[in-house]
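Take a look at the structure below.
Please treat every number below as a calculation from the coordinates, not as lab data. Everything numeric here is computed off the predicted structure, so don't read it as measured data. Counting neighbours? That spans all protein chains shown, and the Cβs are built from the backbone with ideal geometry, glycine included.
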Number of protein chains: 2
Amino acid sequence: MNRRSLLLCILLFFSTLQLLANGSQNRVINLADYLVKNGDRVDASFAVSQALADCKKNKAAKLIIPKGTYHFYPDMASEAYMFISNNDEGLKRIAFLIEGLSDFTVDGQGSTFIFHGYICPFIVKSSNKVSLKNFRIDWQRTFHSEAKIVNVYKDSLDISFSTKYPYAIKNDLLFFSDSSGISYPYKSLLEFDTQKRETAFKVKDYYAGPYAKAKRIDEATVRLFVPTISASRGNTMVFFPSDRLCPAITLSQTNGIKINDVSILHAGGMGVIAQMCSDIILRNVSVTPSPGRIVSTTADATHFVNCYGSIKIDSCLFENQGDDATNIHGIYTLIESQPDSKSIIVRLKHYQQYGQKLFIPGDSIEFVNRNSLVSYCYTRVDSVKPINKEFTQLFLSSPVPENSEGNAIASLKYPEVLISNCIIQNNRARGLLLGSRANITIRGNYFHTPGAAILFEGDVNYWFEQAGVRKVTITENRFENCNYGIWGHAIIQSASRIAEQFRNDSRYNQNIHVYNNTIKRFDPRIVNIYSVKGFKFFDNKIIDSKDYANINIGAEPFITAYCKGLEIEK
Amino acid sequence: MNRRSLLLCILLFFSTLQLLANGSQNRVINLADYLVKNGDRVDASFAVSQALADCKKNKAAKLIIPKGTYHFYPDMASEAYMFISNNDEGLKRIAFLIEGLSDFTVDGQGSTFIFHGYICPFIVKSSNKVSLKNFRIDWQRTFHSEAKIVNVYKDSLDISFSTKYPYAIKNDLLFFSDSSGISYPYKSLLEFDTQKRETAFKVKDYYAGPYAKAKRIDEATVRLFVPTISASRGNTMVFFPSDRLCPAITLSQTNGIKINDVSILHAGGMGVIAQMCSDIILRNVSVTPSPGRIVSTTADATHFVNCYGSIKIDSCLFENQGDDATNIHGIYTLIESQPDSKSIIVRLKHYQQYGQKLFIPGDSIEFVNRNSLVSYCYTRVDSVKPINKEFTQLFLSSPVPENSEGNAIASLKYPEVLISNCIIQNNRARGLLLGSRANITIRGNYFHTPGAAILFEGDVNYWFEQAGVRKVTITENRFENCNYGIWGHAIIQSASRIAEQFRNDSRYNQNIHVYNNTIKRFDPRIVNIYSVKGFKFFDNKIIDSKDYANINIGAEPFITAYCKGLEIEK
């Protein structure tokens, strides 16, 4: 070895040493090193934003949060303008803003995180392999409010609020606030059965907000005037918020996400919302209300938009949330105009889809008839020119049919789905909304939903959610007394908005196999589907129950229309 | 010349030729080449955004808009999240978004631009030498609403709206909208004298919004219930909007701005708002209402925040706007905490100042006592770490005094100001608010303001506007019957919020010279100042008038307190 080689060797040796040293020093960051008491309160928001900045700087593998209770205020939290699909956009304060990180874990070590006001607990964006684990998310003052129903009159109710739901009556109208005067506008009212801790039997939403007429009767009682309102004394009237501004965990454009052992006791929006993400695992995630409350999150427990790769949801509990347990779908973007044969201007129509960057160059897309939902052309995106949060111009790899205005396009990336060993119950609306064309397996779950337990939707005129399944296996589940609410016509149901005259041409959903399930029903209706090709229902155990009043006596258990390839073992 | 030199010469020659050719081809872009009819309407927004993109790409010198009337809708307009000082932040649709352009002119050639809904006409940001000229800005439906006062009762009025101000009464509350259903919330009510076309004599604002009680009396008449309201039959009641979301022209972080021959007939916010800009010229700019309306812009005609270099306003008309004619000031940022001797965390306190990036490395700053407004320390900013739109951490070039929390800092960059030959009249509130420490000249203007014509403000507890002048010349102006409203105590007034016990120590304003003006007054009060060093008042012509009722009979014309160096020729 000559002198030069020797020098090189020595240099290499020390560089390696330093690399190793840096690696071991900086791989784990502990929040304890960042917490500062500010006056009487410890606001963890600033500490977390500083710790996360250091995690990014040092390429740390893990942020550890020693077990404890932490309070998060919006004041000094991180900030980003976020478009969050099926929730509400805005300039958000964010406790954990994880952006541009790779191979990174947040370990709460069993901690409880209490949020105060309009702040988003977790937003993970443009990252790679992120794991969140071992913590509980709750709020000091919930975005919704719960009242005890004290008396019931024609078109009015007497209700009473605990001190957890501060309110005021101004101009004879009811408003909610918190101790710092922040307001909590509401939109809809829904009655819950206080004893059963689920939506009351067959009740409907009252869209009475953002200000319902009210009058103070005495210190504890408010008389609420809502035309046609009815309810049962002793039940709980829930005022759901106008907006979905603060979902608990938002995942955006991130590949490889694990959420383990996380409890979401509340959120002003959804529990977990993922958009344009791939390879997501939720294990032992619960969405469940805090003791003393009847509602958990104010919207869906989980929701997946334009995700791909795989989604695995295992051993989770989704209960008492303000909307569905899980919804997996793409987005239909409307074709507004066709400047030339190889370019289109498309428009996001639903305001809660605005700003979603659905397409990147190279993406395969389908053109879909707005009435039949039938795909009539396939091509690829060459380049993307954003106009604003609603409009985008796309340049395509091949000419597309003229007169496509009013029809829609959607991405052809779909996730494989496995939902297993979950409990889904007592929430408003439905259980699982399935809209991926990759394989879907629903196995070993328990359903007690007031609407359909499993729903196949998709439309190009209201929600603009791309759906349509190709292979779904529903097996070893227990469906127990579903449909005690008004959000469904059967336990397994299709409700794609396909115009009647196209239902025979459309095979929007295909190959749905339902077997080895237990179905306990007080309502005879089990299946209600149309425009399905390949539906098998066999080896299921059906038990009749009298646990709820059957208001559909004599109804047909299996309704199928415009279907092909049916095999139903009744 | 050798072969190599020859080749180089030839190359250089052809490059120059090409440069010249490109230059002449691309220096001017004409909007006519971009306009496309979309159904029944021509929406110029998309055309403008495409033309501006090409201007940027081709480094064009000019966008020409052939004389005509153009309609701008928000749908396909450009978009940006904008923090606009003293207006309201938000994700804005923008007709003319001029960003990152240099040596660029928009020439409207006498065109009228009609805006529809929530869209900002012009935002110029991060640019250099931009000229806007020859156009009129108006809206189809104004952000404010005007009603004729038909009858007056105790605590209520009967009012009537023309079809230009669509409204609805829901839940016994009054709401405004437009033909497409977009809502126009309101905050305050103010009465205007229909005949004189100015704010009615000594009327006050009624903060009755966002929903005042109302009842439909007949097809044309609404009874409005506002406690303590009074008004005069035949006058006009104006409902001012809750927010200032759409100022007409926003200038941000741009050096070298000329606005010539521009009429602003309306805006949902200010007429011209400039922040962190330098070298601004406004010539022949008018803020004046459209025929048939009594109000022009809903807030100040012009406003300048943390600008530097020079501001020249010449031959402008500012009338009937919802707030002051011109306000020139900096921003005081509150010191929230001091992590160490050379760093501070500062907080923007007024919500309409959020997001202002006031400091860049190298900026000189002052530390200011919150009660006395006395500067007690000077240093420089070494680096800036933004936390969110409210909080910023600054690292400083030298240690600063401890216990500075609660005091404020501000930038030491100020603009020279010349305001000449302008007409300022009939608006709500004041004329000129002057708060620059560079030379200020106010010459040859006409003032007929309901409040003070010239005001020196500044405070660290409500508006957080940094002010304090060092040399002001007020000469050759005509002040005609000012103070017919409630927004002042004299024609020339200081109103800095300096705590009483500090007024003798503070010399917040210095060297104000008032001479060769004509002052026509029905109210005796001419000057009311405190904490001023060097105030001269001489060779002014004072004319008494009986054009308005003098409700201040016997009041002292010159009130001075805690001043030094006074020379007042009464």
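Which distances, shortest first and in nm, link B:GLN195 to the matching position in the other copies, using label points set 7 Å out along Cα to C-beta?
Label-point separations across copies, in nm and ascending: 7.5.
For a quick size check, give me the Cα extents of the range B:250-367 along its three principal axes, largest first, whole Å.
In descending order, the Cα extents are 59, 26, 17 Å.
Please work out the FRET efficiency for the pair B:TYR462 and A:ARG380, using the Cβ-Cβ distance as r and a Förster radius of 51 Å; give the result to the nearest 0.05. Don't skip to the answer; put the middle values down first.
On the way: r = 58 Å, r/R0 = 1.13.
Calculated transfer efficiency: 0.30.
Per residue of the range A:268-277, what does 6.51 cos²θ - 1.76 cosθ + 1.60 with θ = phi - 60° give for ³J(HN,Hα)? Whole Hz please, x for Gly and Pro, Karplus curve as stated.
Values per residue, Gly and Pro as x: x, x, 7, x, 10, 10, 10, 9, 6, 10 Hz.
What is the sum of charges around B:ARG244, taking Lys and Arg as +1, Asp and Glu as -1, for the other residues whose C-beta is under 14 Å from the C-beta of B:ARG244? Don't jump to the answer; show the numbers that get you there.
Numbers: positive: B:LYS92, B:LYS187, B:ARG428; negative: B:ASP88, B:GLU89, B:ASP243, B:ASP300, B:ASP323, B:ASP324.
Residues close to B:ARG244 contribute a combined charge of -3.
When the gyration tensor of chain B is built from Cα positions, what are the square roots of 5 times its three eigenvalues, in whole Å, from largest to smallest? Could the numbers behind the result be given before it?
Numbers: eigenvalues 304, 234, 112 Å².
Equivalent ellipsoid of chain B: 39, 34, 24 Å, largest first.
Nearest to the axis that maps chain A onto chain B: list the chain A residue whose Cβ wins, with the distance in whole angstrom.
A:TYR81, 3
Count the net charge of all other residues whose Cβ sits under 11 Å from the Cβ of A:LYS471, scoring Lys and Arg as +1 and Asp and Glu as -1. Spell out each step's value before the answer.
Numbers: positive: A:ARG437, A:ARG470; negative: A:GLU416.
Net of charged neighbours comes to +1.
Where nothing but the Cβ of Lys and Arg (+1) and of Asp and Glu (-1) is charged, how large is the charge dipole of chain B around its Cα centre, in debye to the nearest 20?
Numbers: 64 positive and 54 negative charges, 172 e Å.
Here the size comes out at about 820 debye.
Of the listed pairs B:LYS59/B:LYS125; A:LYS92/B:LYS342; B:LYS125/B:LYS413, which have alpha-carbon separations greater than 23 Å here? Spell out each step's value before the answer.
Details: B:LYS59/B:LYS125 16 Å; A:LYS92/B:LYS342 30 Å; B:LYS125/B:LYS413 19 Å.
Checking Cα-Cα distances, A:LYS92/B:LYS342 exceed 23 Å.
Mind checking the mean number of beta-carbon atoms from other chains within 10 Å of the Cβ atoms in B:205-213? Please list the in-between numbers first.
Numbers: counts 0, 0, 0, 0, 0, 0, 4, 1, 2.
Rounded to a whole number, the mean comes out at 1.
Across the range B:118-128, in residue order, what do the Karplus-derived ³J(HN,Hα) couplings come to in whole Hz, using 6.51 cos²θ - 1.76 cosθ + 1.60 with θ = phi - 60° and x for Gly and Pro?
7, 9, 8, x, 10, 10, 10, 9, 6, 10, 8
What ranking do B:SER232, A:SER111, A:SER145 get, fewest neighbouring Cβ atoms within 10 angstrom at the top?
Values: B:SER232 13, A:SER111 17, A:SER145 25.
Arranged by neighbour count, lowest to highest, B:SER232, A:SER111, A:SER145 become B:SER232, A:SER111, A:SER145.
What distance in nm separates the simple spin-label points at B:ILE553 and B:THR221, each placed 7 Å from Cα in the Cβ direction?
It is 3.8 nm.
Relative contact order (percent) for chain A, with alpha-carbon contacts under 8 angstrom and 6 or more residues of separation? Please report the intermediate quantities before stating the final value.
Working: 1733 pairs, mean separation 49.6, N = 570.
Once divided by the residue count of chain A, the mean separation gives 9 percent.
Can you list residues from other chains, or at least 5 along the same chain, whose modelled amide H is less than 5 Å from the amide H of A:VAL287?
Here the answer is A:ILE264, A:LEU317, A:PHE318, A:GLU319, since their amide H atoms fall under 5 Å of that of A:VAL287.
Take the Cα atoms of the protein assembly as shown, build their convex hull, and give its volume per residue in Å³.
Details: hull volume 276.8 nm³, N = 1140.
In the protein assembly as shown, the Cα convex hull volume per residue is 243 Å³.
For the range B:445-531, state the semi-axes of the equivalent ellipsoid (square roots of 5 times the eigenvalues of the alpha-carbon gyration tensor), sorted largest first and rounded to whole angstrom. Could you put the intermediate results ahead of the total?
Numbers: eigenvalues 109, 45, 24 Å².
Ellipsoid half-lengths, sorted descending, are 23, 15, 11 Å.
Report the Cα centroid-to-centroid distance between the range B:366-398 and the range B:402-469 in angstrom, as an integer.
21
Would you mind ranking A:ASP547, B:ASP172, A:ASP243 so that the residue whose beta carbon has the fewest other beta carbons within 10 Å leads the list?
Numbers: A:ASP547 11, B:ASP172 16, A:ASP243 21.
In increasing order of surrounding Cβ atoms, one gets A:ASP547, B:ASP172, A:ASP243.
Which residues' amide hydrogens lie under 5 Å from the amide hydrogen of A:THR518, considering only partners 5 or more residues apart or on another chain, with H built in the peptide plane?
Residues meeting the amide H criterion: A:ASN477, A:ARG478, A:PHE479, A:LYS541.
Assuming a ≥ b ≥ c are the square roots of the Cα gyration tensor eigenvalues, decide whether the range A:519-570 counts as rounded (a/c under 1.5), prolate (otherwise, with a/b larger than b/c) or oblate.
Numbers: a/c = 3.62, a/b = 1.76, b/c = 2.06.
Since a/c reaches 1.5 but b/c is at least a/b, the shape of the range A:519-570 is classed as oblate.
Given a cut-off of 22 Å, what percent of all Cα-Cα pairs of the range A:359-504 lie beyond it?
Working: 5243 of 10585 pairs.
Tail fraction, whole percent: 50.
With a point put 7 Å past each Cα toward its Cβ, work out how far A:SER290 is from B:LYS471 in nm, to one decimal.
Here the answer is 6.2 nm between the modelled labels.
Within 10 Å of each Cβ in peptide A:386-393, how many partner chain Cβ atoms are there on average? Round it to a whole number, please. Provide the component values of the computation, followed by the final result.
Values: counts 1, 9, 14, 3, 5, 5, 0, 3.
Partner Cβ neighbours, averaged per residue: 5.
For the range B:372-422, report the % of Cα-Cα distances exceeding 14 Å.
Details: 869 of 1275 pairs.
Value for the range B:372-422: 68 percent of Cα pairs lie more than 14 Å apart.
What is the set of long-range amide H partners of B:THR302 at a cut-off below 5 Å, with H atoms built 1.01 Å from backbone N?
B:GLY271, B:VAL272, B:THR326, B:ASN327
Which distances, in nm and shortest first, link the A:PRO386 label point to the same label point in every other copy, taking 7 Å along Cα→Cβ?
Nearest first, the other copies' label points are 1.5 nm away.
Where nothing but the Cβ of Lys and Arg (+1) and of Asp and Glu (-1) is charged, how large is the charge dipole of the protein assembly as shown around its Cα centre, in debye to the nearest 20?
Working: 128 positive and 108 negative charges, 274 e Å.
It works out to roughly 1320 debye.
What order do you get for A:ASP88, B:ASP363 when you list them from fewest to most C-beta neighbours inside 10 Å? Present the calculation step by step, with values, prior to reporting the outcome.
On the way: A:ASP88 21, B:ASP363 16.
Ordered from fewest to most neighbouring Cβ atoms within 10 Å, A:ASP88, B:ASP363 come out as B:ASP363, A:ASP88.
Shortest first and in nm to one decimal, what separations exist between A:TYR167 and its copies in the other chains, measuring from label points 7 Å along the Cα-to-beta-carbon line?
3.0
State whether the range B:26-109 is rounded, prolate or oblate according to the following rule on the C-alpha gyration tensor (a ≥ b ≥ c being the square roots of its eigenvalues): a/c under 1.5 gives rounded; otherwise a/b larger than b/c gives prolate, and the remaining case gives oblate.
Oblate shape, in that a/c is at least 1.5 and b/c is the bigger or equal ratio.
Among residues other than A:LEU566 whose Cβ falls under 15 Å from its Cβ, what is the net charge (Lys/Arg +1, Asp/Glu -1)?
Details: positive: A:ARG503, A:ARG507, A:LYS533, A:LYS536, A:LYS564, A:LYS570; negative: A:GLU556, A:GLU567, A:GLU569.
Net charge around A:LEU566: +3.
Checking the cross-link filter: which aspartates and glutamates have an alpha carbon closer than 13 Å to that of A:LYS258, excluding same-chain neighbours under 8 positions apart?
List returned: A:ASP103, A:ASP107, A:ASP279, A:ASP314.
Could you tell me the ratio Rg/Rh of the range B:159-280? Both radii from Cα atoms, Rh via Kirkwood.
Details: Rg = 17.7 Å, Rh = 16.7 Å.
Ratio of gyration radius to Kirkwood radius: 1.06.
Find how much the distance from B:GLU402 to B:ASP103 grows on full extension, using 0.36 nm per residue of separation minus their present alpha carbon separation; answer in nm with one decimal. Walk me through the numbers on the way to the answer.
Working: separation 299, 0.36 × 299 = 107.64 nm, distance 4.60 nm.
Computed gain between B:GLU402 and B:ASP103 is 103.0 nm.
To the nearest 0.05, what FRET efficiency results for A:GLU569 and A:ASP544 with a Förster distance of 22 Å applied to their C-beta separation?
Numbers: r = 17 Å, r/R0 = 0.77.
The computed FRET efficiency comes out at 0.85.
If every alpha-carbon in the range B:335-423 counts as one equal scatterer, what log10 I(q)/I(0) does Debye give at q = 0.16, 0.19, 0.22, 0.26 1/Å?
-0.63, -0.85, -1.11, -1.50
Rounded to the nearest 500, what is the 222 nm mean residue ellipticity of chain A from helices alone, with -39500 (n - 2.57) per DSSP H run of 4+ residues and division by all residues?
Numbers: 2 runs with 38 residues, N = 570.
Helix contribution divided over all residues of chain A: -2500 deg cm²/dmol.
Rounded to whole Hz and in sequence order, give me ³J(HN,Hα) for the range A:224-231 from the Karplus expression 6.51 cos²θ - 1.76 cosθ + 1.60, θ = phi - 60°, writing x for Gly and Pro.
Values per residue, Gly and Pro as x: 10, 9, 9, x, 6, 5, 9, 6 Hz.
Mind listing which GluC sites (Glu not before Pro) in the range B:464-570 are in a DSSP loop and have 16 or fewer other Cβ atoms within 10 Å? Provide the component values of the computation, followed by the final result.
Values: sites: B:GLU465, B:GLU476, B:GLU480, B:GLU500, B:GLU567, B:GLU569; in loops: B:GLU476, B:GLU569.
Taking the range B:464-570 and a limit of 16 other Cβ atoms within 10 Å, the loop GluC sites (Glu not before Pro) found are B:GLU476, B:GLU569.
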